[in-house]
Amino acid sequence: MIIGAQLYTLRDFCKTTEDFSETLKKVANIGYKTVQVSGVCPYDGAWLKEELDKNGLTAPITHTAPAQIKEDPAAVLKNHRAFGSHRIGIGSCPGGISDSTYAGFVADFRPIADYFAENGAKFYYHNHYQEFVRSADGKRFIEKLCEDFPADKLGFILDTYWVQFAGGDPAEWLSCLKGRVDCIHFKDMTYLNKTHCMVPIGEGNLNWTRIIRTAEEMGTEYAFVEQDNCNGEDPFDCMKRSYEFLKAQGLD
């Protein structure tokens with residue numbers, strides 16, 4: 001399993017192409033070999049390919065704005081192909097997944113998922129806690145997504161923090177979603193000042209030995225480190241500590 005950097009963690013340092021370029025260099029210097037492109041400035045796929053190559057990086061998956069995907073899926077696919085990615089992800093259901101938004105999401109994005117699959121790409125969905133809430137029919141929304149999108153049309157970027165936040169077991173859900181999670185978000189959780197808090201990997205309370213083992217058993221290829229909130233610390237330092245912890249666990 002390859003350790004990757006989820007660039008949403010470093011979004012404040014990717015607001016221009018110049019800053020984005022410098023951030024890719026810093027990420028590579030930490031030791032990361034791959035990134036997920038998310039929360040960054042607008043970019044051209046060919047430009048990104050050059051920047052990745054220059055730093056010995058790949059970008060196998062993105063988070064792309066759902067509105068952009070809906071407006072012109074062909075252009076999104078073309079841009080991804082330019083930097084060698086066939087995985088096109090979104091950060092969440094527009095408006096948040098709920099009984100009032102779910103049917104519209106399926107109607108909008110099932111045809112797009114079909115289109116991507118027909119053209120050698122795949123659509124990916126990143127969860128928060130709401131996907132583990134039960135809908136009016138008693139099913140969890142993540143279960144409904146599995147019913148309405150075949151495994152070859154929809155993958156999940158499983159986020160360990162939000163599974164835990166929702167009261168779930170990240171390792172158990174990796175098993176439940178076998179075959180759909182080739183990319184995962186590694187994000188740790190602790191409890192500080194009477195609230196849940198994101199911290200570098202290994203500095204919180206998630207069972208990383210079990211999560212890593214299960215992810216590898218389920219065929220996960222990429223583990224992207226993400227820390228939405230670095231609590232006033234330098235995000236690059238947080239990413240470095242996470243990388244060093246995971247490297248010590250035997251990940252590449």
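Every number in this text was worked out from the coordinates using simple rules, so none of it is lab data. Quick caveat: nothing in here was measured; it's all calculated off a predicted structure. Glycine gets a Cβ as well: all are built from the backbone with ideal geometry, and neighbour counts include every protein chain shown.
Among Ser100, Ser175, Ser85, Ser92, which comes first, second and so on when ranked by fewest other beta-carbon atoms within 10 Å?
Ser100, Ser175, Ser92, Ser85
Counting only other residues whose beta carbon sits under 14 Å from that of His80, what net charge do I get with K and R as +1, D and E as -1?
So the environment of His80 carries a net charge of +3.
Which residue, Tyr102, Tyr43, Tyr222, has the most motion in a Gaussian network model of the chain that connects Cα atoms within less than 10 Å?
Looking only at Tyr102, Tyr43, Tyr222, the biggest GNM fluctuation is shown by Tyr43.
Zone of Gln249 (label point 7 Å along Cα→Cβ, backbone N under 20 Å): which residues in region 195-217?
197-217
Of the options Gln130, Ile97, Gly84, report the single residue whose Cα projects farthest towards the positive end of the charge dipole of region 75-149 (beta-carbon charges: Lys, Arg +1; Asp, Glu -1).
Gly84
Just to compare against my own numbers: the Cα pair-distance distribution for the chain, 5 Å bins, whole % per bin, please.
For the chain, the binned pair fractions read 1, 6, 14, 18, 20, 18, 13, 7, 2, 0, 0 percent.
With 10 angstrom as the radius, rank Trp162, Trp47 by how many other C-beta atoms surround their C-beta, starting from the fewest.
On the way: Trp162 21, Trp47 14.
The most exposed by this proxy come first: Trp47, Trp162.
Say a paramagnetic label sat at a point 7 Å from the Cα of Asp228, along Cα to Cβ; which residues of region 162-198 have their backbone N under 17 Å from it?
Residues 162-168, 170, 184-192, 195-198 fall inside that zone.
Measuring from centroid to centroid over Cα atoms, what is the spacing of region 21-87 and region 175-252 in Å?
So the two Cα centres are separated by 21 Å.
Given the -39500 (n - 2.57) contribution per DSSP H run of 4+ residues, what per-residue ellipticity at 222 nm results for the chain, rounded to the nearest 500 deg cm²/dmol?
It comes out at -12000 deg cm²/dmol, rounded to the nearest 500.
Say we join alpha carbon atoms closer than 10 Å with springs in a Gaussian network model of the chain; which of Gly204, Gly138, Gly168 then has the biggest fluctuation?
Comparing Gly204, Gly138, Gly168 in the GNM, the peak value goes to Gly138.
Select from Lys187, Lys25, Lys15 the residue whose mean-square fluctuation is largest in a Gaussian network model of the chain (Cα-Cα springs shorter than 10 Å).
Lys15
Suppose the chain between Ala74 and Ser100 were pulled fully straight at 0.36 nm per residue; how much longer would it get relative to their current alpha carbon spacing?
Details: separation 26, 0.36 × 26 = 9.36 nm, distance 2.81 nm.
So the extension gain works out to 6.5 nm.
As an exercise, use a Förster radius of 25 Å and the Cβ-Cβ distance of Glu118 and Thr209 to find the FRET efficiency, rounded to the nearest 0.05.
The computed FRET efficiency comes out at 0.05.
Under the definition of Cα pairs under 8 Å and six or more residues apart, what whole-number percent is the relative contact order of the chain? Present the calculation step by step, with values, prior to reporting the outcome.
On the way: 436 pairs, mean separation 50.0, N = 252.
Dividing the mean separation by the residue count of the chain yields 20 percent.
Provide the net charge surrounding Leu10, with neighbours chosen by a C-beta distance below 13 Å and charges set as Lys +1, Arg +1, Asp -1, Glu -1.
-3
Give the order of Ile3, Ile201, Ile30 when sorted by the count of other beta carbons within 10 angstrom, beginning with the fewest.
The most exposed by this proxy come first: Ile30, Ile3, Ile201.
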